Amino acid sequence: MMTMPYIAGNWKMNGLKSDLSLVLDIAQCAKESNIRVSLYPPTSLLHYFADGLSRDFAGDHILLGSQDCHHEKSGAYTGSVSARMIKDSGAIYTLVGHSERRQALGETCVIVAQKVERALEAGLVPVICIGETIEEKLSGATLRVLSHQLRDSLPESLNGAHFYVSYEPVWAIGTDHVALDEDIIAASRLIEAHLCARFGHEHHAKILYGGSVKGHNAQHVLGLDQIHGLLVGGASLSLETFKPIIKAAAFHLA
Ligand code: PGA
């Protein structure tokens, strides 16, 4: 049986309270398409959006996630937000290890693995991002890099847990250059083999793709072997650009 594709919108550092109307429009579009969409707004908006969605009875069609969580449970970490706080704000998911954090903030795989542990303890579903840079790709190191990221970013405590691994080639993010089919297929096969070897063939993980997903390529990428969903950045910021992706997911499910 075809399972519902996981369609996620990562708003990055965009969005204000006034965007609740956009969230409700996305929920309406998801409802009409019989799809559930996950939105990752900035942490400051999680509680506000969770409240607005439940008041509008739209919480079934949009689930919320945070873009990150801290790797410690609590304590003297000025400016940081813990996994428990995120859960308390109404989120179901959290991204961990997005390349914009790995690169700009020097987040290592060890830190990412700790974040996954905190997320699981708090009852959040982690979406773990991995992906190679253009230099790594050009030097033929893609699969080696992904293997290392998988080995070091996925803690043993994921065994038996429900989680996602998102393949996001760094060079494809925000560039309008979606990865080629063969790149996505090679990466997803490697991820699936790793998941089976570590967590058994009955593991509860699903593989996503992210990097310049738009309305015109969403359906195609969703049709690729082992890809269960899409992590969408720029195109999730307006109904005009997100709607065709939601429709593509609905078409895929039909
Ligand atoms: P993009 O971002 O869709 O704008 O390429 C994807 C991401 O960073 O998750």
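The values are calculated or read from the model by the stated rules, or taken from the named source; none is laboratory data. Values in this document were obtained by computation on a predicted structure and should not be read as measured data. We place every Cβ from the backbone using ideal geometry, glycine too, and count neighbours over all the protein chains shown. With ligands, DNA and RNA removed, areas are computed over all heavy atoms of the protein, side chains included. Shrake-Rupley method; radii C 1.70, N 1.55, O 1.52, S 1.80 Å.
So that you can scan it fast, the table gives a plain yes or no per residue for (1) more than 23 Å from ALA249 (Cα to Cα); (2) among the charged types (D, E, K, R); (3) more than 16 Å from the ligand (Cβ to nearest atom):
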residue: VAL37; (1), (2), (3): no, no, no
residue: PRO41; (1), (2), (3): no, no, no
residue: LEU45; (1), (2), (3): yes, no, yes
residue: PHE57; (1), (2), (3): no, no, yes
residue: HIS71; (1), (2), (3): yes, no, yes
residue: ALA83; (1), (2), (3): yes, no, yes
residue: ALA91; (1), (2), (3): no, no, yes
residue: GLN103; (1), (2), (3): yes, no, no
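The residues of the stretch 206-234 that are under 21 Å from ASP19 (Cα atoms) and in contact (Cβ under 8 Å) with a residue 40 or more places away in the chain, listed by number, are LEU231, VAL232, GLY233, GLY234.
Residues in the stretch 166-184 that are open to solvent by less than 40 Å² (accessible area, probe 1.4 Å) and more than 13 Å from the ligand (Cβ to nearest atom): ASP183, ILE184. Within the stretch 53-69, the set of residues being more than 21 Å from CYS109 (Cα to Cα) and surrounded by 15 or more Cβ atoms within 10 Å (Cβ to Cβ) comprises LEU53, ASP56, ALA58, GLY59, HIS61, ILE62, LEU63, LEU64.
Taking the conditions (1) of a type outside the set (Lys, Arg); (2) surrounded by fewer than 22 Cβ atoms within 10 Å (Cβ to Cβ); (3) within 17 Å of the chain's Cα centre (by Cα) in turn, GLU72 satisfies each one other than (3). Within the stretch 232-254, the set of residues being within 9 Å of GLY9 (Cβ to Cβ), out of contact with any strand residue (DSSP E or B) (no Cβ under 7 Å at 6 or more places or on another chain) and part of a helix (DSSP H, G or I) comprises ALA235 only. For ALA187, state whether it is surrounded by 17 or more Cβ atoms within 10 Å (Cβ to Cβ), under 28 Å from LYS115 (Cβ atoms) and away from the ligand (no atom under 14 Å from the Cβ). Taking the combined requirement at face value, the residue satisfies it.
Report whether or not HIS162 is at pLDDT below 95, open to solvent by 10 Å² or more (accessible area, probe 1.4 Å), under 18 Å from the mean Cα position of the chain (by Cα) and under 21 Å from GLY65 (Cβ atoms). Taking the combined requirement at face value, the residue does not satisfy it. For the stretch 85-105, state whether one or more residues are surrounded by fewer than 17 Cβ atoms within 10 Å (Cβ to Cβ) and either in contact with a His (Cβ under 7 Å, 6 or more places away or on another chain) or over 24 Å from GLY15 (Cβ atoms) (or both). The answer is no, given that none of the residues of the stretch 85-105 is surrounded by fewer than 17 Cβ atoms within 10 Å (Cβ to Cβ) and either in contact with a His (Cβ under 7 Å, 6 or more places away or on another chain) or over 24 Å from GLY15 (Cβ atoms) (or both). Filtering the stretch 197-254 down to residues that are charged (D, E, K, R) and at pLDDT below 95, which residue is nearest to the ligand (Cβ to nearest atom)? Only one residue fits best here, namely ASP225. Got at least one residue in the stretch 172-186 being among the polar types (S, T, N, Q) and over 14 Å from ILE130 (Cα atoms)? Yes, the conditions are met somewhere in the stretch 172-186.
Among the residues of the stretch 122-143, is there at least one that is at positive phi and either away from the ligand (no atom under 15 Å from the Cβ) or open to solvent by 30 Å² or more (accessible area, probe 1.4 Å) (or both)? Among the residues of the stretch 122-143, at least one is at positive phi and either away from the ligand (no atom under 15 Å from the Cβ) or open to solvent by 30 Å² or more (accessible area, probe 1.4 Å) (or both), which makes the answer yes.
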